[in-house]
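No lab work stands behind these numbers, since they all come straight from the coordinates. Not measured: the values here are computed from a predicted model. Because the Cβ atoms are built from the backbone with ideal geometry, glycine has one as well, and the counts that use them run over all protein chains shown.
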Amino acid sequence: MSASLPRRATPGPQRLLLSLFSLVLALGLGLGLTGCVATGLPLAAASPWQEVPLDTRSSPLDVAFSDSRHGFLVGSNRLIMESNDGGASWQERALDLPVDENFRLISIDFRGKEGWIVGQPGLLLHSDDNGQSWSRLLLDTKLPGEPYLITALGPKQAELATNVGAIYRSADAGNSWQALVSDAAGSVRDLRRDDQGRYVSVSSLGNFYATWEPGQATWQPHQRVSSQRLQSMGFQPDGGLWMLARGAQLRFDSGTPENPEWSKPVIPITNGFGYLDLAWDPQGALWTGGGSGTLLSSTDGGKRWSKDPVGARQPSNFTRIVFPGDGKGFVFGERGSLLRWVG
């Protein structure tokens, strides 16, 4: 039988040197990394947001007002709430819908007293009396995709977009619809429209985005800027695009939809949570929100950021930030979490 060779023990001084070397290397790497990205942000001294208690565990998804004080909030689990004080308080309302169907009310819009709501699966509602009553309109069973976004355009006029990028317009209170685009963008995870009627969509896998504007026959696809998959996109106040990508990256476009010129990535903070939405407040400050109460603001175009103290106290993921005009603003969270802009 052959004897096994004995292990050679590391001398005490050598082991000590190896431990010291590992410690120095770790410290060096840590300092190098923290010199590139921020792992902490200052907490703002005050907040322009106010928590609004909602008597629901459903998640708010959209909001619209018919005038400066009267509006509706819609969301998951058939949620619809009404406000008569500009959004300071909300009371739950009921819709005349089958009790065995659990609709997700995803988009609402008003133009004067005429309102529209779309939901999933396959729901379209219309009101011409300031939301006091809602009529359900039947959708064609061949409609590509599910309703995703509704825009009120004027008396009896609206534009409907689906979650595969089909876009339709009605001029007769929803009795008939005309297709505006000849193809679909494919399954999308995010879809936005600006006041000029332009759209931007993010594919369901986040591997590309597409743009469409009135007069174009088809969606125009664009490759993503980096290897990071896209989360959401929208329009800047000046008409350019913005994008949020995995890895908590923000980018801004200074070109045109046909020839975008994307900025270098802006990474406000690396805290392990991604961002889900981006918006500009009435004073021009930039806001982004995401997981675990992450709500950040910048007043210099994204160079410096601070954490919002009211947002940081919320045990919720912030899914959307909206400023519907007339000095109003809201941050939607999960399970009944809502913040209201008070300036």
With a ≥ b ≥ c from the Cα gyration tensor eigenvalues, square-rooted, and the rule rounded for a/c under 1.5, otherwise prolate when a/b > b/c and oblate otherwise, region 289-343 is oblate
Hey, in the GNM for the chain with a 10 angstrom Cα cutoff, which one of Asp308, Asp129, Asp190 fluctuates hardest?
-> Asp129
CD proxy, 222 nm, the chain: helix-only mean residue ellipticity via -39,500 (n - 2.57) per DSSP H run with n ≥ 4, per residue, nearest 500, stands at -2500 deg cm²/dmol
Long-range alpha-carbon pairs in region 175-317, meaning those over 25 Å apart, account in percent for 30 percent
Measuring from the longest principal axis of the C-alpha atoms of the chain, the long axis of helix 12-34 (C-alpha) lies at a number of degrees, nearest 10, equal to 30 degrees
What number of lysine-lysine pairs in the chain show an alpha-carbon separation below 29 angstrom, given a sequence spacing of 8 or more or placement on distinct chains?
-> 8
If one builds a Gaussian network model of the chain from Cα atoms under 10 Å apart, the most fluctuating residue listed among Ala166, Ala88, Ala46 is Ala46
Given region 226-333, what percent of its DSSP beta bridges are antiparallel, to the nearest 5?
-> 100 percent
Using a 10 angstrom cutoff on alpha carbons, build the Gaussian network for the chain and name the most mobile of Gly284, Gly234, Gly131.
-> Gly284
Considering the values (i) 1.01; (ii) 1.11; (iii) 1.08, which represents Rg/Rh (Cα atoms, Kirkwood Rh) as calculated for the structure under consideration?
-> (ii)
Exposure proxy ranking, count of Cβ atoms within 10 Å, fewest first, for Asp100, Asp300, Asp281 = Asp100, Asp300, Asp281
